[in-house]
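Participant: Just passing along the structure, written as structure tokens.
The values are calculated or read from the model by the stated rules, or taken from the named source; none is laboratory data. Owing to the predicted nature of the structure, the values given are computational and were not obtained by experimental measurement. Here the Cβ positions follow ideal geometry from the backbone for every residue, glycine too, while neighbour counts run over all protein chains shown. Surface accessibility is based on the protein's heavy atoms, side chains included, excluding ligands, DNA and RNA. Shrake-Rupley method; radii C 1.70, N 1.55, O 1.52, S 1.80 Å.
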Amino acid sequence: MSSGSTEVQVRPGIEADLAPLTALYNHYVRETAVTFDTVVFLPEERRPWLLSHPKDGPHRLMVAQERDSASRPGRLLGYATSSPFRAKPAYATSVEVSVYCAPDARGRGIGTLLYKALFEALAGEDLHRAYAGIAQPNEPSVRLHERFGFRHVGTYAEVGRKFGRYWDVAWYELPLGPRT
């Protein structure tokens, strides 16, 4: 993808991404209700999360990064994950997906690139459904998910409290894999 003069590559996340991934996530912890985490993380606290997303299997981490230039390394622009939907074994064919973009990278198609790569990586996995919980209001995230075929299946009203107020979470579902 070319965005202005910046080339973007999407690839699986690696351990060297831990610090920039943590910094990006911490922005959303501090500044938004997009995540219901309320305390920022140190990179070492996020290591188990990173390691729970190997390069294969149903739980993936894809990162978008500016391509390295001769003068500097490429900057992390965002990431997308598929994670366990729930811990009980019968949920194993369902995943929860999410995407986070650097504040200055929003609206540049980075989320679309990340989800495209994530869903391509998941295509051969034994998965039946993907779910996304979107704190409301968040019209850009709703549009992104609907563009990929997610449909709204329900809303939990006032399910989380952050910044002194309650937030709704709309749930979206996407069928994956062959239809049975």
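Participant: Quick one: which residues, 5 or more positions from Gly160 or on another chain, have an amide H under 5 Å from its amide H? H modelled 1.01 Å from N in the peptide plane, none for Pro or chain starts.
Facilitator: When sequence neighbours closer than 5 places are left aside, the close amide H contacts are Trp167.
Participant: If you don't mind, another one. Based on the Cβ-Cβ distance from Arg75 to Gln136, what FRET efficiency comes out when R0 is 25 Å, to the nearest 0.05?
Facilitator: Efficiency for this residue pair is about 0.25.
Participant: Right, something else. Can you grab the distance from the C-alpha centre of the range 83-107 to the C-alpha centre of the range 122-180, Å, no decimals?
Facilitator: Distance between centres, Cα-based: 9 Å.
Participant: Among Val169, Ala19, His53, which residue has its Cα furthest toward the positive end of the charge dipole of the chain, with +1 on Lys/Arg Cβ and -1 on Asp/Glu Cβ?
Facilitator: Ranked along the dipole, the leading option is Val169.
Participant: Before I look further, what does the chain give for accessible area per residue, probe 1.4 Å, in whole square angstrom?
Facilitator: I get 54 Å² per residue for the chain.
Participant: Per residue of the chain, what 222 nm ellipticity follows from adding -39500 (n - 2.57) for every DSSP H run with n ≥ 4, rounded to the nearest 500?
Facilitator: So the helix-based figure for the chain works out to -7500 deg cm²/dmol.
Participant: Please give the length that would be gained between Lys162 and Asp68 if that part of the chain were fully extended, namely 0.36 nm times their separation in residues minus their C-alpha to C-alpha distance (nm, one decimal).
Facilitator: Working: separation 94, 0.36 × 94 = 33.84 nm, distance 3.73 nm.
Using 0.36 nm per residue and subtracting the Cα-Cα distance, I get 30.1 nm.
Participant: Provide the gained length on full extension for the span His128 to Arg151, in nm with one decimal, where the gain is 0.36 nm per separating residue minus the Cα-Cα distance.
Facilitator: Once the chain is fully extended between His128 and Arg151, it gains 6.8 nm.
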